[in-house]
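One structure is given below, encoded as structure tokens.
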Amino acid sequence: MNRSILVVYRPEAGRYEAQFRSVVAAAADLGVQTVVLLPEGWEAPEAGELPRYHADLEDTASVRAAVDRIVARHRIERIFPLFEGDVLPASRARRDHGIPGLTPDEALNFRDKNVMHRRAEELGVKVARSVRPDTVGAVADFAEQVGYPVVIKPYAGWACGNTYRVDDRAELDRVWREMGDDRHEYRVEEFIRGTEFHVDSLLQNGDVVFEQLSQYTYSVLEYLDEPGGTISRKHDLSEGERRILALNAEVLRGFGMRTGVSHAEFFLLDDGSVVFGEAGARAGGGSIVPAIEAGRGINLAGEWCRLELDADHRPAARTGPEVGTEYLGSAAYGRITAISTPEELMALDSVLDADVWKRVGDVLAPPTRSNDVLGWYVCEGADFDDVRGRFKTVRDAFRVETVREAEHG
């Protein structure tokens, strides 16, 4: 059997297509075949003639059974889950077949926020105070202790889905009723007031071989009120920003990552201290990967593949100017009758790349996750403030027209 890798791929909304193509190309350059595991009922034209298998990706047993069949026919050397929710099932499939990479114990450090924060504390890293929502009284007592607001979130969620900022007891009672019988799926944290950063990293054999620090331009929890943006911080880092990079490396190694890709979030407080937020064992979501590709010249997913398969590989990243990316959103809901194209956005000054996920005829509804958006763009500038100013120019140029369904009918 030929050398092969397995990519767990969800071909929905275009969010992972560039990552998928980059992994396939990197493997092919190294003479390694890609095998694809898709959700049941899905096909992916971008997979071409690659061997394709299907499983219920929401069911770990189905994933493991599919990998059993795949390993019987292909010599799988590595497994690449591109989506957050596939990290833990992939780790269990690795364990089943002795495939190198994160084990389930290590993957839990990146997926279960209860485990994640406990492990970070063991490493001596500061985290938000938290409590389990066993009863509404326990949560109310915690909120009185740390002060409102508090954050209620799924312990294994992503993209702020089913995540609540709770500002008082009345809102706590409302959220508690909304959670219903699923309280065991949640955790409660104090609200951290600070500047939020993320670090996107590549590791090989425990060494950080690429890192990109970026600062959010908004509060991630407030994605309903403002577009999600992030801007790189490459030059003239403060002491606090350098501390974030040092803690990021410490956390990733402490969580058990040897070779892989990570997206981690931290808060820098006014007193200069750093609070760890969370870390995922996958490339950053949304437009972070294309922003890094435009600004640094590498695709994180493709580089992850090369690092796994080639012990001598090192990412050849450039530095360049600061680069930012912002989601495209609209307050207009209903059926789209007109929308700006990526080409129109890329014709604007300083815009390096853009993608629009919605088309004429699609229906816009209020977002339910922070990545439930219309698309994204990437632009460059001299520094953080310059890039942020350019965001407004692009945002003002983006056009969406809709008609309500009743009007349309």
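The values are calculated or read from the model by the stated rules, or taken from the named source; none is laboratory data. Predicted, not measured: the structure shown is a model, and the values here were computed from it. Positions of Cβ are backbone-derived with ideal geometry, glycine not excepted, and every protein chain shown enters the neighbour counts. All accessible areas refer to the heavy atoms of the entire protein, side chains included, with ligands and DNA or RNA removed. Shrake-Rupley method; radii C 1.70, N 1.55, O 1.52, S 1.80 Å.
Here are a few things to note about the model shown:
- The charge dipole of segment 193-338, taken about its Cα centre with unit charges on the Cβ atoms of Lys, Arg (+1), Asp and Glu (-1) only, comes to about 360 debye.
- Debye intensity ratio in log₁₀ form over the Cα atoms of segment 303-353, taken at each q of 0.23 Å⁻¹: -0.97
- Signed unit charges on C-beta, dipole axis of segment 173-269, positive-most listed residue Leu237, Ala249, Gln204: Gln204
- Listed residues Ala65, Ala93, Ala25, most fluctuating in the chain (Gaussian network, C-alpha, under 10 Å): Ala65
- Sulfur and carbon atoms: percent of accessible area, the chain [1.4 Å]: 44
- Sorted peptide list for 237-243, 266-272, criterion being average Cβ within 10 angstrom, highest first: 266-272, 237-243
- With the Kirkwood sum run over all distinct C-alpha pairs, the chain has a hydrodynamic radius of 22.4 Å.
- P(r) of segment 109-159 over all Cα-Cα pairs, binned every 5 Å from zero, in whole percent: 5, 18, 25, 23, 21, 8, 0
- Alpha carbon centroid spacing (whole Å) that separates segment 1-74 from segment 76-153: 25
- The residues packed around Arg177, meaning those with a beta-carbon under 12 Å from its beta-carbon, carry a net charge of -3 if Lys and Arg are +1 and Asp and Glu are -1.
- Surface accessible to a 1.4 Å probe, per residue, for the residues of segment 1-148, Å²: 45
- Excluding same-chain neighbours fewer than eight residues apart, the lysines reachable from Lys113 by a Cα-Cα span under 21 Å are Lys126, Lys153.
- Of Tyr186, Tyr333, Tyr16, the residue with the greatest mean-square motion in the GNM of the chain, using alpha carbon springs below 10 Å, is Tyr333.
- Cut-off 10 Å between beta-carbons: net charge of the residues surrounding Phe142, Lys and Arg +1, Asp and Glu -1: -2
- Highest to lowest packing among 120-133, 291-304, scored as the average C-beta count within 10 Å: 291-304, 120-133
- Cα gyration tensor shape for segment 6-74, rounded if a/c is under 1.5, else prolate or oblate: oblate
- Semi-axis lengths, largest first, of the ellipsoid equivalent to segment 18-174 are 39, 17, 14 Å, with √(5λ) applied to each eigenvalue of the Cα gyration tensor.
- Per residue, segment 165-292 exposes an accessible area of 39 Å² to a 1.4 Å probe, with every protein chain left in place.
- As a ratio to 2.2 N^0.38 Å, the alpha-carbon radius of gyration computed for segment 174-283 takes the value 1.20.
- Debye-sum result for segment 91-232 in log10 I(q)/I(0), which assumes one identical scatterer on each alpha carbon, at q = 0.21 Å⁻¹: -1.40
- Per-residue [θ]222 nm for the chain (sum of -39500 (n - 2.57) over DSSP H runs n ≥ 4, rounded to 500): -10000 deg cm²/dmol
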